Amino acid sequence: MFSKKTLASALALAVVVVGMCAAEGLKDNWNDFLHYTKIGRFDLAKGYAQAVLDSRPDPVELLALSEANPQGYQILLRVTEVAADKQLAELSREILEIIEQGRFARRADPKVILAEIKRLSGTTRGQLAAVKRLRNAGEYAIVFMLEALVDSSRREEWPNIVWALPQVGRDAIRPLATALQTGNVGLKVEIIKALGQIGYGQSAPYLKYVVEAEPSAELQSAARQSLLKINPDAANLSAAELFYRLGSQYYNHLASLAPAEEAAYSNIWFWDGSANRLTRRQVDSRYFNELMAMHSCEWALKADPAFGQAIGLWLAAFFKAESTGLDMPSYFGPGHADAFVYATTAGPEYLHQALARAIDDGDTYVALGATEALAVTAGERSLFYRVGTASLCCRPLRLTIRPSDTVPRLR
């Protein structure tokens with residue numbers, strides 16, 4: 001008769017063996033799916049794709065398989081975009097979604113992040129390893145690092161967390177800049193210093209806003225010093241101008257503003273004043289830049305309500321976001337008006353700004369939206385509008401609008 005110890009060991013071994021078999025089965029199905037997709041045997045590829053999904057794979061494990069085979073991952077991406085077989089494309093999208101879940105789970109695991117923050121106060125070797133892992137966690141680490149910096153019971157950890165904060169790097173800027181809305185002066189000083197040490201221009205408008213709007217001389221001075229580290233020329237511009245320029249960079253999809261990793265979803269950060277903490281809203285990456293352009297314009301108008309250029313850019317960004325065909329994000333709230341409604345209440349000056357931008361970019365959707373709003377609010381004559389010495393329209397634009405149309409028809 002087996003002893004309890006022997007039985008427990010046998011059960012443990014069985015669990016390990018089953019886990020290994022499952023892992024090998026997933027790996028084989030994944031590789032066969034990619035192989036048959038590559039050679040055009042879509043009938044077989046669909047079977048193996050379904051087998052991957054039916055196995056309910058661990059997202060982190062599937063992510064690891066995709067990272068071990070970058071060429072295979074590119075095949076998966078292409079299939080979701082251009083595959084002639086619609087069923088295979090849909091199966092591929094489901095697999096890609098699981099991979100994205102794994103990407104998020106690995107980066108955002110609170111237990112891992114909290115453990116690494118604790119390790120910052122350990123040995124030198126552990127400290128360096130912790131910084132590396134916190135950098136990999138990126139923006140997700142910032143929430144917990146800031147919460148630790150306002151926890152008086154963790155006061156002994158503060159110097160090490162302050163040291164590590166700027167080393168998270170560029171990915172930390174968006175949540176750090178958002179957290180400048182905290183009422184904790186000590187925390188705000190450390191955020192300002194960290195932004196200056198990270199040293200990217202996207203921090204400049206937020207720092208200049210502190211210089212202009214913050215009543216505390218200490219905070220103004222700290223923000224001014226960080227701003228000079230990043231870009232001395234920015235110190236001579238208004239916060240509204242800097243936010244407008246940042247919004248234009250997002251609108252133009254400047255590469256340096258992209259999230260740290262390519263994923264189907266990106267985060268937009270908000271400050272919860274009642275809870276005194278950061279919150280994030282996950283949005284589709286296909287319109288992340290447009291939403292951030294709108295966000296920057298709203299800050300420009302907060303800095304200077306008379307800065308009208310931000311309105312024109314905000315409208316163009318809203319139309320551009322709608323051109324993706326995606327539903328607007330949940331933080332817009334129920335019953336949020338569409339871009340056309342805002343456009344028809346904005347006035348011709350701002351619509352012409354949006355139209356000029358669309359013409360420069362060759363963006364038909366934005367141009368049609370701005371043109372339709374102009375025709376509705378100010379009539380066709382408003383389409384002959386001069387900016388400086390140049391006319392936006394060299395010939396009449398005749399609109400044929402039917403109730404069933406989602407965009408105007410130009411003739």
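Worth pointing out:
- Sorted largest first, extent of segment 38-173 alpha carbons per principal axis (Å): 61, 26, 25
- Principal-axis analysis of the Cα atoms of the chain puts helix 4-38 at an angle of about 40° to the longest axis.
- Couplings 3J(HN,Hα) of segment 95-103, computed from phi: 5, 4, 4, 5, 4, 5, 4, x, 4 Hz, in residue order, whole Hz [Karplus 6.51 cos²θ - 1.76 cosθ + 1.60, θ = phi - 60°; x for Gly and Pro].
- Helix 70-82 vs. the chain, principal-axis angle (Cα, 0 to 90°, nearest 10): 50 degrees
- Which of F288, F307, F332 has the fewest Cβ neighbours within 10 Å, and the rest in rising order: F332, F307, F288
- By the count of neighbouring beta-carbon atoms within 10 Å, fewest first, S296, S238 end up ordered S238, S296.
- Summed residue charge, Cβ within 12 Å of A115's Cβ, Lys/Arg positive, Asp/Glu negative: +2
- Helix axis angle, 110-119 relative to the chain longest principal axis, alpha carbon, degrees: 80 degrees
- Which of G325, L368, L315, positive extreme of dipole for segment 296-378 (C-beta unit charges): L315
- Per-selection Kirkwood Rh - segment 204-350 (Cα, Å, 1 d.p.): 16.5 Å
- One quarter of the surface of the convex hull around the alpha-carbon atoms of the chain equals 28.6 nm², the direction-averaged projected area.
- Listed residue (Q50, L96, F33) projecting farthest to the positive dipole end of segment 25-132, Cβ model: L96
Rule-based calculations on the coordinates, nothing more; no lab input. Quick caveat: nothing in here was measured; it's all calculated off a predicted structure. We place every Cβ from the backbone using ideal geometry, glycine too, and count neighbours over all the protein chains shown.
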